[in-house]
């Protein structure tokens, strides 16, 4: 992943033998090892949300908090969740320092077990991957059900392997937008697909290196409740 969120890149399936406690410990160690908080907004989120009228947003796997902070600064009321207590607390501190704590609710959740309350106008899942087993499609369907009519579900996944990715297996498969949509199986009577493509962009890795990467982008709108 680029430096906007700095999450490790998983393999295709995750560690099927790992527990939720293993995942929580892994991500806690990951964020504790980062000496600086914050981060930049993911560009495809900014591109999607910039023209929208601010409402209530949900940031799944908020990490260092760059997306949540940017949304709040645009006037959104943001609920941001992560499995790491350190990531959540650092986001709260960052929001407090920036004077936007009234627009940011940061919560710790293992999304395989619990989900934040509320109804939202935008759900953002930016590189919602983990090296551990995760019922990802189930979580995303739950997120979809939390949207108000007219709300948007934005999913941005890795479409290529960056030079700094953990898994350099040439056979690693990155599901296409069509494959992800098929897994979610959202009812077309209630959902429209606004975007399903694989754009290229220049990304920056954790050591400042750059590379051209592919993103797999899916944008759904809830057309009826």
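Please determine, by comparing only the residues of the stretch 117-132 that are surrounded by fewer than 18 Cβ atoms within 10 Å (Cβ to Cβ) and in contact (Cβ under 8 Å) with a residue 40 or more places away in the chain, which one is farthest from residue 21 (Cα to Cα).
Ranking the qualifying residues of the stretch 117-132, first place goes to 119.
Tell me, please, whether a residue that is touching a strand residue (DSSP E or B) at 6+ places or on another chain (Cβ under 6 Å), free of Cβ contacts under 8 Å to residues at least 24 places away in the same chain and buried (at least 16 other Cβ atoms within 10 Å of the Cβ) can be found in the stretch 75-90.
Looking through the stretch 75-90, none of the residues is touching a strand residue (DSSP E or B) at 6+ places or on another chain (Cβ under 6 Å), free of Cβ contacts under 8 Å to residues at least 24 places away in the same chain and buried (at least 16 other Cβ atoms within 10 Å of the Cβ).
Go through (1) touching a helix residue (DSSP H, G or I) at 6+ places or on another chain (Cβ under 7 Å); (2) in a helix (DSSP H, G or I); (3) at pLDDT 95 or above; (4) closer than 21 Å to residue 115 by Cβ for residue 28 and report which single condition fails.
Among (1) touching a helix residue (DSSP H, G or I) at 6+ places or on another chain (Cβ under 7 Å); (2) in a helix (DSSP H, G or I); (3) at pLDDT 95 or above; (4) closer than 21 Å to residue 115 by Cβ, the lone unmet condition for residue 28 is (3).
In the stretch 176-194, how many are closer than 28 Å to residue 148 by Cβ, buried (at least 16 other Cβ atoms within 10 Å of the Cβ) and either within 18 Å of the chain's Cα centre (by Cα) or without any contact (Cβ under 8 Å) to a residue 12 or more places away in the chain (or both)?
4
So which of 195, 141 is at pLDDT 95 or above and either out of contact with any strand residue (DSSP E or B) (no Cβ under 7 Å at 6 or more places or on another chain) or assigned to a loop (DSSP other than H, G, I, E, B) (or both)?
Values: 195 fails: either out of contact with any strand residue (DSSP E or B) (no Cβ under 7 Å at 6 or more places or on another chain) or assigned to a loop (DSSP other than H, G, I, E, B) (or both).
Residue meeting the stated conditions: 141.
How many residues are in contact with a strand residue (DSSP E or B) (Cβ under 9 Å, 6 or more places away or on another chain) and part of a helix (DSSP H, G or I) when one looks only at the stretch 60-69?
Within the stretch 60-69, residues that are in contact with a strand residue (DSSP E or B) (Cβ under 9 Å, 6 or more places away or on another chain) and part of a helix (DSSP H, G or I) number 3.
The values are calculated or read from the model by the stated rules, or taken from the named source; none is laboratory data. None of these values were measured; they are calculated from a predicted model. Backbone-built Cβ (ideal geometry, glycine too); neighbour counts: all protein chains shown.
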